[in-house]
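A short write-up of the structure that comes next.
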Amino acid sequence: MKTKLVVLLALPLFAFGAQNRIGAPAATPVPTPPAACPSNAATPATPTTLAASDLIFAIEEERVAHDIYAAAAARWNLRVFANIAESESRHAAALTRLAATIGVQPPPAQAGVYATADLQMLHDQLLDLVNGSATGALRAGALIEETDIADLRRLSALANDPASQAVIADLIAASYNHLAAFVRNLKAAGVVYEPQILAAEEFAAVTNAAPGRGGQGQGKGPGGGNAACGADCSGNGPAAPTPATPGNVGRGYRGGR
């Protein structure tokens, strides 16, 4: 528990530390989360204006999310993890296509291994949280999505071409859906998640919105999700079982209720 408490206190600072890597934050208007996920469009014809280092960081950040959710899906009987893990793979692929427009290849993908030291540390810490309890895993997911939203917003501020801006906007929209899905699953387990990175107003707008279209089982993708995602973008699908051992991790990532 001591190790986990250190993780919970330290992780929110990670997203703000990313500001030094990918520029100053853009304005943060209260969002209206759209329902769709990023599509599997072909590689954009116009070269991206984003720097190679920023793209590689963003790709690996999406990989961290995928790997953490895949580990959580293997350990806990919660469909939300498998659904969103598939979506994260598509997000990394969308960013990889952007990188290809300037001849950049990301580091070889290997589960749990990253070229970026900060992301390696983040993964290892979150994996400990995932292994501790189902609610801990859900909290890790919510924090990942908050971090992704903040980092992607900073990345968007650096993009000067429409193709890059469109891809990043889709990724942010998907992270809104994912965050809401994790918060709903925590609520079903009797756990209240409080925002660690997003402003309270923005967090409320995201998590109180109706589930994304992918969660309604009307799409053509496997698992009843939006066909563009190949799975449930909002992480809903069929009703998830109640997480085991609810409340093992303290409220709001600050240690204890």
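The values are calculated or read from the model by the stated rules, or taken from the named source; none is laboratory data. Bear in mind that the values here come from a model prediction, so they are computed numbers and not experimental data. Every residue, glycine as well, gets a Cβ built from its backbone with ideal geometry; the counts of neighbours run over all protein chains shown.
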Item to check | Filter pass, residue 42 being at pLDDT below 95 and of a type in the set (Gly, Ala, Ser) | outcome: yes
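Could you please give the count of residues in the range 163-194 that are in contact (Cβ under 8 Å) with a residue 12 or more places away in the chain and within 20 Å of residue 52 (Cβ to Cβ)? Before the answer, list the steps.
Taking the range 163-194 and keeping what is in contact (Cβ under 8 Å) with a residue 12 or more places away in the chain, we get 163-164, 167-186, 188-194.
Keeping just the survivors that are within 20 Å of residue 52 (Cβ to Cβ) gives 163-164, 167-168, 171.
Result for the range 163-194: 5.
Looking only at residues that are among the charged types (D, E, K, R) and in contact (Cβ under 8 Å) with a residue 60 or more places away in the chain in the range 105-139, which one is surrounded by the most Cβ atoms within 10 Å (Cβ to Cβ)?
Keep residues of the range 105-139 that are among the charged types (D, E, K, R), which gives 118, 124, 128, 139.
Applying the additional criterion that residues be in contact (Cβ under 8 Å) with a residue 60 or more places away in the chain yields 118, 128, 139.
Numbers: 118: 16, 128: 14, 139: 28.
Of everything passing the filter in the range 105-139, 139 is surrounded by the most Cβ atoms within 10 Å (Cβ to Cβ).
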Checklist entry - Which of the residues that make up the range 76-95 are surrounded by fewer than 22 Cβ atoms within 10 Å (Cβ to Cβ), among the polar types (S, T, N, Q) and more than 9 Å from residue 66 (Cα to Cα)? => result 77
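May I ask you to say which residue of 181, 188 is modelled with pLDDT of 95 or more, surrounded by 21 or more Cβ atoms within 10 Å (Cβ to Cβ) and either more than 20 Å from residue 95 (Cα to Cα) or of a type in the set (Val, Ile, Thr) (or both)?
Going through 181, 188 in turn, just one is modelled with pLDDT of 95 or more, surrounded by 21 or more Cβ atoms within 10 Å (Cβ to Cβ) and either more than 20 Å from residue 95 (Cα to Cα) or of a type in the set (Val, Ile, Thr) (or both): 181.
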Next on the checklist: Being within 20 Å of residue 61 (Cα to Cα) and either aromatic (Phe, Trp, Tyr) or touching a Lys or Arg at 6+ places or on another chain (Cβ under 7 Å) (or both) is the filter here; which residues of the range 151-206 pass it?
Outcome noted: 172, 176, 182
